Every structure is written in structure tokens, then in C-alpha cells.
């Protein structure tokens with residue numbers, strides 16, 4: 001597994017969330033965000049409770065936050081109940097790739113999720129459709145390809161439907177209308193993790209189009 005527990009996954013999220021939280025202009029630009037596959041809601045709660053940078057009298061930004069889950073849990077309901085700006089969407093993206101109820105999303109957070117999707121291409125197309133132009137996608141997926149001691153290693157994780165390399169994820173994002181020229185990608189040596197921050201810059205390609 002990329003992470004051994006939900007808490008370990010959230011701790012990894014914090015390394016990115018804390019950086020994003022330091023950009024006040026970025027936070028003030030957000031009107032709507034979607035946590036795609038929100039787990040127990042810890043990342044969602046972080047987004048929902050973001051504040052401005054006033055040290056003396058910090059103010060909650062309260063932009064609208066949606067958490068997509070295939071099953072409501074008590075943890076998620078607690079996050080919703082203590083954050084009036086949070087709404088939950090119960091939806092299984094492996095049954096229906098179209099994301100319901102949201103549009104013009106400024107930030108999509110997809111951390112440790114895409115590998116559980118039957119068809120990442122169709123889900124990323126759906127993500128593009130619900131995003132605002134120039135909206136940000138923050139994506140973290142497991143890498144299944146490393147070089148150890150000069151030997152190529154390729155492997156998969158239990159209970160996951162899809163595997164990724166940096167080349168594959170860039171290709172998928174490009175097909176789905178995301179900027180793969182001016183974007184951020186991190187893949188450290190011997191690390192089972194690929195992180196991408198990119199932006200919607202056009203509509204996805206039609207998968208039925210043949211050159």
C-alpha cells in the first residue's frame with residue numbers, strides 16, 4: 001500500500017495542504033472545492049476550516065466544500081455537522097463516472113483515490129467537466145515503477161484497480177484537458193507516490209475520436 005492507514009494518508013496530505021494554506025491570494029480565490037473520495041473527512045475538514053492570514057483576528061473563509069464518498073460514515077457526518085460549508089455527496093464513481101450535483105469547482109482534491117477507479121480516464125474527464133476554467137486539480141497516486149540498485153521494479157498494490165507511472169499520469173491528464181506544460185509533478189527516488197498539481201485549460205478530448 002502507498003499508505004498503511006487513513007491517518008498516514010492524511011499526514012501525507014498535510015505536507016501539501018500546509019503549503020497551499022500559506023498562499024492567501026490562492027485561498028481567497030476559492031469559491032468551491034471538491035474532495036473526490038473523501039475517506040473519513042480529515043482532508044475535507046482541513047479545507048472547510050481554512051482561515052485568512054489575519055494573526056490577531058483570523059476569519060474562516062467558508063468557501064463551499066463538497067466531499068464525494070461511496071458511503072456515509074459517522075466521521076464524515078461529524079465533519080459535515082461542525083462545518084456549515086460542507087456538503088456530502090454519496091456516489092460510487094465505479095458505477096457512474098459522472099460526478100453529480102456540482103459545477104464550476106475551483107479546486108479538486110484527489111489524494112490516494114484514483115487507483116481505486118475502474119477507469120481513471122473517464123473519471124478524470126468527469127472531473128474536468130465539473131471544474132471551472134483554470135481550476136486546480138491536486139492529485140496523488142501510487143507509483144508502481146522504481147529503480148532499485150540499478151534494477152527496474154514494477155509492482156502493484158492489493159485491492160487497487162489501476163497502476164501508474166509518471167508518463168502514464170501525464171498522458172491521462174493531457175487527454176482529459178489539464179495543463180501538462182505549466183504544472184507541478186513530484187516523484188522522489190524510491191518513493192511509491194506521484195504528486196501532481198495542474199490546471200484545467202480546455203475540454204477533454206473525445207474518447208471516440210479517431211485520428
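Mind listing whichever residues of the stretch 1-14 are touching a strand residue (DSSP E or B) at 6+ places or on another chain (Cβ under 9 Å) and either free of Cβ contacts under 8 Å to residues at least 12 places away in the same chain or in a helix (DSSP H, G or I) (or both)?
The answer is 9, 10, 12, 13.
How many residues, within the stretch 15-37, are more than 20 Å from residue 198 (Cβ to Cβ) and touching a strand residue (DSSP E or B) at 6+ places or on another chain (Cβ under 6 Å)?
0
May I ask you to verify whether residue 17 is outside any strand (DSSP E or B) and without any contact (Cβ under 8 Å) to a residue 60 or more places away in the chain?
yes
Any residue at all in the stretch 91-109 that is closer than 15 Å to residue 131 by Cβ, free of Cβ contacts under 8 Å to residues at least 24 places away in the same chain and surrounded by fewer than 17 Cβ atoms within 10 Å (Cβ to Cβ)?
yes
Residue under question is residue 70, and the condition is that it be surrounded by fewer than 17 Cβ atoms within 10 Å (Cβ to Cβ), under 17 Å from the mean Cα position of the chain (by Cα) and free of Cβ contacts under 8 Å to residues at least 40 places away in the same chain; does it hold? Break it down into steps so the answer makes sense when it comes.
On the way: surrounded by fewer than 17 Cβ atoms within 10 Å (Cβ to Cβ): yes; under 17 Å from the mean Cα position of the chain (by Cα): yes; free of Cβ contacts under 8 Å to residues at least 40 places away in the same chain: yes.
So residue 70 passes the test.
What are the pairs, 6+ residues apart or on separate chains, where a residue within the stretch 30-55 that is on the phi > 0 side of the Ramachandran plot and modelled with pLDDT of 95 or more has its Cβ under 7 Å from a residue that is buried (at least 19 other Cβ atoms within 10 Å of the Cβ) and assigned to a helix (DSSP H, G or I)?
41/76; 41/79
Any idea which of 104, 181, 134, 159 is within 28 Å of residue 27 (Cβ to Cβ) and more than 17 Å from the chain's Cα centre (by Cα)?
181
Considering the stretch 20-30 alone, what residues qualify as being in a loop (DSSP other than H, G, I, E, B) and over 17 Å from the mean Cα position of the chain (by Cα)?
Applying the first criterion (in a loop (DSSP other than H, G, I, E, B)) to the stretch 20-30 yields 21-23, 30.
Scanning the stretch 20-30 gives 22, 23.
The values are calculated or read from the model by the stated rules, or taken from the named source; none is laboratory data. Small disclaimer: the values here were computed from a predicted structure and weren't measured. All Cβ positions, even for glycine, are placed from backbone atoms using ideal geometry, and neighbour counts span all protein chains on display.
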